[in-house]
Amino acid sequence: MTLAHPAYGEVRRVTPYAAVLLARNPGPMTLDGTNTWLLGASDALVVVDPGPDDGEHLEAIVAAGRVELILITHRHHDHTEGAQRLHELTGAPARAAEVEHCHGGGRLRGGESIEAAGLTLDVLTTPGHSSDSVCLLLADAVLTGDTILGRGTTVVAHPDGVLADYLASLRRLAALGERRVLPGHGPELPSLAGVAAMYLEHREQRLAQVQSAVRRLGPDVSARRIVEDVYADVDRSVWDAAELSVRAQLDYLRR
């Protein structure tokens, strides 16, 4: 079961320790907007993905409670733009896998456990959507950033995103079992294992379609031409993103 998103500026409680605040940046790639997650089992909060540098959105985060720590799931601007300003507003360190997105805090490293706001978050490296993507594990849930979305599937953002890495990341997530999914975009989902298996099946189907297109259209066919063939039933507003995934698929098949 999934739930409708709240209005912009409204904090919606998802679990006793997790609430979501929707950023005002809807679009073909961001769905309803970026999910900023507010986590806490004490009087403090961990903010995951502060989203765009939008004053009203950042003010809503600050109004939600005392921010102890800011974490970022990956480098894309719809997740990172507001991090420095939120750090300045709250004094809370911002941590990410890449140093350029860290403000007052050190880099996130795979395998580390973070104790903050009365919670333990384990960092799991999950490259593929981007090379720096991480997921954050809680006792019964996982924050997936853009590695798994709440609706539809995500892009493998070639050349930074690598399909072989992404498939391995999905298998790692599938092995974690029946955890709730708290994604970077779209509504939360009840079963990590189920959605990771669906994502893997989808990628296998797309690979088969791309292979078929190459056989029919010739070995020198462009990625754009494959998009026109394989993604003909998909809204053209996401064709540029689909082309990145096709480039990643072609690279995977060549290797």
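Would you confirm whether any residue within the stretch 120-132 is surrounded by fewer than 17 Cβ atoms within 10 Å (Cβ to Cβ), over 26 Å from residue 7 (Cα atoms) and not charged (D, E, K, R)? Taking every residue of the stretch 120-132 in turn, at least one turns out to be surrounded by fewer than 17 Cβ atoms within 10 Å (Cβ to Cβ), over 26 Å from residue 7 (Cα atoms) and not charged (D, E, K, R).
Being within 25 Å of residue 133 (Cα to Cα), polar (S, T, N, Q) and in a strand (DSSP E or B) is a condition met by at least one residue of the stretch 11-18. On the given criteria, is residue 168 at pLDDT 95 or above, of a type in the set (A, V, I, L, M, F, W, C), surrounded by fewer than 20 Cβ atoms within 10 Å (Cβ to Cβ) and outside any loop (DSSP other than H, G, I, E, B)? So residue 168 fits the description; yes. Scanning the stretch 80-90 finds one or more residues that are touching a helix residue (DSSP H, G or I) at 6+ places or on another chain (Cβ under 8 Å), part of a loop (DSSP other than H, G, I, E, B) and either surrounded by 24 or more Cβ atoms within 10 Å (Cβ to Cβ) or free of Cβ contacts under 8 Å to residues at least 24 places away in the same chain (or both). Of the residues making up the stretch 179-197, those that are surrounded by fewer than 16 Cβ atoms within 10 Å (Cβ to Cβ) and assigned to a helix (DSSP H, G or I) are 193, 194, 197. Out of everything in the stretch 138-165 that is more than 12 Å from the chain's Cα centre (by Cα) and among the charged types (D, E, K, R), what residue ends up being surrounded by the fewest Cβ atoms within 10 Å (Cβ to Cβ)? Across the stretch 138-165, the extreme among qualifying residues is 140. Applying the criterion of being part of a strand (DSSP E or B) and charged (D, E, K, R) to the residues of the stretch 59-79, the residue that is surrounded by the fewest Cβ atoms within 10 Å (Cβ to Cβ) is 66.
Screening 241, 213, 193, 232 for residues that are closer than 20 Å to residue 151 by Cα, touching a helix residue (DSSP H, G or I) at 6+ places or on another chain (Cβ under 7 Å) and not basic (Lys, Arg) leaves exactly one candidate, 193.
What about residue 149, is it of a type outside the set (Lys, Arg) and either assigned to a loop (DSSP other than H, G, I, E, B) or in contact with a Ser or Thr (Cβ under 6 Å, 6 or more places away or on another chain) (or both)? Against the criterion (of a type outside the set (Lys, Arg) and either assigned to a loop (DSSP other than H, G, I, E, B) or in contact with a Ser or Thr (Cβ under 6 Å, 6 or more places away or on another chain) (or both)), residue 149 qualifies.
The values are calculated or read from the model by the stated rules, or taken from the named source; none is laboratory data. Worth saying up front: this structure is predicted, and the values here are computed from it rather than measured. Neighbour counts run over all protein chains shown; Cβ positions are idealised from the backbone, glycine included.
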